[in-house]
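A short worksheet on the structure shown next.
The values are calculated or read from the model by the stated rules, or taken from the named source; none is laboratory data. Since this is a predicted model, take the numbers as computed values, not measurements. Backbone-built Cβ (ideal geometry, glycine too); neighbour counts: all protein chains shown. Surface accessibility is based on the protein's heavy atoms, side chains included, excluding ligands, DNA and RNA. Shrake-Rupley method; radii C 1.70, N 1.55, O 1.52, S 1.80 Å.
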Amino acid sequence: MRLRQAALLLPLALLFAPAVRAEYVVLKSGQRLTVTSYQLNGDKYRLQMAGGSVEIAAEEVVAIEPEEIFTPVPAKPVLKPPYRELVEAAAARYKVDADLITSVIAVESNFDPKAVSRKKARGLMQLLPETAARLGVRNIEDPQENIDAGTRYLRELLQKYNNNLVLALAAYNAGPERIQRYGRVPPFAETISYVRRVKRGYENNKASTLKKRAEGTERTAATSLPRTDQAQ
């Protein structure tokens, strides 16, 4: 009933509401979508958002709530991920993609050098004490040592599995012995989720890096073009 009343009042709301007004569409999943307008067509809502429009089943909508004032958030300046210099140094030393290292750190510790897991893995790349000892780590919480050793271990796994990223990440999370036992990614929800999260982060990071590189190339090319506005 509340949704039907909201739909009936929509024309008046759009007529008198200022352009900066917006609404929250609350879904069953708990997700809240910010929309500038909406329309109920049969059993579907057509939602108009900043990036375009989308249709969604009416049964998925729990409520439509007014947002007090819609204030666009200014874009934040692009910053380098934490510990980028240390990551790039390790990447160059061990020939491992820096974006992959950053993605592993993000999932493993969320860039907290003092993070400790329930399995006693520690530091940015969540090294187990025995792995850290084998790799010659003296201070497992030191960002430089942790990133260097974690990257070295990641390279070992990539080499072991012929650059199969999925198996290497699964081994990083669950241990190589589990890969050997199952002959594939072990059927553990934690490991499966871990591999997906790191891969998704890696793909996003790589896409962002390639975009920045392309934009830098375009700017360089534009500044190097000969001027044609000078008198001949």
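Exactly one residue among 152, 93 is open to solvent by 50 Å² or more (accessible area, probe 1.4 Å) and under 20 Å from residue 167 (Cβ atoms), and that residue is 152. Scanning region 121-141 for residues that are of a type outside the set (A, V, I, L, M) and either within 20 Å of residue 193 (Cα to Cα) or under 25 Å from the mean Cα position of the chain (by Cα) (or both) yields 122, 123, 126, 141. Mind checking which residues of region 98-121 are touching a residue at least 24 places away in the same chain (Cβ under 8 Å) and open to solvent by 50 Å² or more (accessible area, probe 1.4 Å)? The one that is touching a residue at least 24 places away in the same chain (Cβ under 8 Å) and open to solvent by 50 Å² or more (accessible area, probe 1.4 Å): 114.
Just one of the listed residues (172, 194) is farther than 20 Å from residue 93 by Cα and at pLDDT 95 or above, and it is 194.
Highlighted here are the strands (runs of 3 or more DSSP E) found entirely within region 1-52 that include at least 1 residues which are open to solvent by 70 Å² or more (accessible area, probe 1.4 Å) and modelled with pLDDT of 80 or more: 37-41, 44-49.
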